[in-house]
Amino acid sequence: MAGNSQRRNRRTSNKKGAQVGSGGQRRRGLEGKGPTPPASARKGHKKNRIATAQAKKAAGRRPVARRGGKGTSEMVVGRNPVFEALRDGVPASTLYVQQFIDNDERVREALQLATGRGNINIMEAPRPELDRMTNGLNHQGLVLQVPPYEYAHPEDLAAAAFDDGEDPLIVALDGVTDPRNLGAVVRSVAAFGGHGVVVPERRAAGMTAGAWKTSAGTAARTPVARATNLTRALESYQKAGLTIVGLAADGDHEVGDLAELGGPLVIVVGSEGKGLSRLVGETCDFLVRIPMPGGAESLNAGVAAGVVLHEAAKRRA
């Protein structure tokens, strides 16, 4: 009996004591942590550093101030012009539709575009009211109200470029009165990484619906500044360290030979017929010509600006 008791005691004493469990920690440690994040989101990765630097630059970029005043409101009239303005992204506040209008395909398309924008008021109006609004023009039952354009100040174009650590690249127009030429210049400035366009306040084309259409949407991201006096605006740019280069058929330099195109720059383009005005020409640091082996006497403002902008962009690459 005593021996049996001792054997039971030995078996009892050989049992292990209470063990602390893992509490599921080992199992949780084997669980996945979800999909691998992209390289741009992984801290320490090269792409993450690049993305962070770009985000900081975008956050610190100062928007171009709109302190150059406003233009005047504008009416686009007629079924095709209204449709084309809406299709091409021309800013609009109200679409007026004649009561009991014949609902043809153009009307339906215009209404669909205006509705899709979400920020255009659509209002019905009797024909006599539309006649009064358009001074008797053939509106065909559709009238589009274009709000005044908010111009930037010339000084803000260069300041925004300097804030981004870039050399300003600006085009100034002297005596260009065709809005389509202005729109083409805006498009070229956007294409070649420019920072804006300057136009005189008087006797010059402004940002009308026609200019917006020709810019092919680039006017939404390329500021246009309005100068009370273009000569004084150019002198202000010179004081800020920008080189003023005017285009002239009898210029002393060919456009491809001017090293200054690679630095802070204002390109001044005159009208196709008269060229640069006397005071503006005298203010320029250099007058350059575009060689034209084909024998053409001149280029329109949009084409001429595009040629020089392309040359400036090559120098900056």
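The values are calculated or read from the model by the stated rules, or taken from the named source; none is laboratory data. The structure presented is a predicted model; accordingly, all values stated were derived computationally and were not measured. Heads up: the accessible areas ignore ligands, DNA and RNA and are worked out on the full protein's heavy atoms, side chains in. Shrake-Rupley method; radii C 1.70, N 1.55, O 1.52, S 1.80 Å.
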Next item on the list: Give the value in nm², to one decimal: projected area of the alpha carbon convex hull of the stretch 172-292, averaged over all directions.
Entry: 7.2 nm²
Notebook entry, point to check: Largest first, what is the accessible-area ranking of Glu201, Glu74 with a 1.4 Å probe?
Noted result: Glu201, Glu74
Next item on the list: Classify the stretch 108-154 as rounded, prolate or oblate from the Cα gyration tensor: take a ≥ b ≥ c as the square roots of its eigenvalues, call it rounded if a/c is under 1.5, otherwise prolate when a/b beats b/c and oblate if not.
Entry: oblate
Margin query: Shape verdict for the stretch 230-317, please, from the Cα gyration tensor: rounded (a/c under 1.5), prolate (a/b greater than b/c) or oblate.
Written below: oblate
Check: If the viscosity is 0.890 mPa s and the temperature 25 °C, what translational diffusion coefficient in µm²/s does Stokes-Einstein give for the stretch 61-169 when Rh comes from Kirkwood over Cα pairs?
Finding: 156 µm²/s
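First obtain the Kirkwood hydrodynamic radius of the stretch 111-223 from its Cα pairs, then insert it into the Stokes-Einstein equation at 25 °C and 0.890 mPa s, and state the resulting D in µm² per second as a whole number.
Using the Kirkwood radius from Cα pairs, D works out to 151 µm²/s.
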Note to self: At q = 0.23, 0.26 Å⁻¹, what log₁₀ I(q)/I(0) does the stretch 148-203 have when each alpha carbon counts as one equal point scatterer in the Debye sum?
What the structure shows: -0.97, -1.16
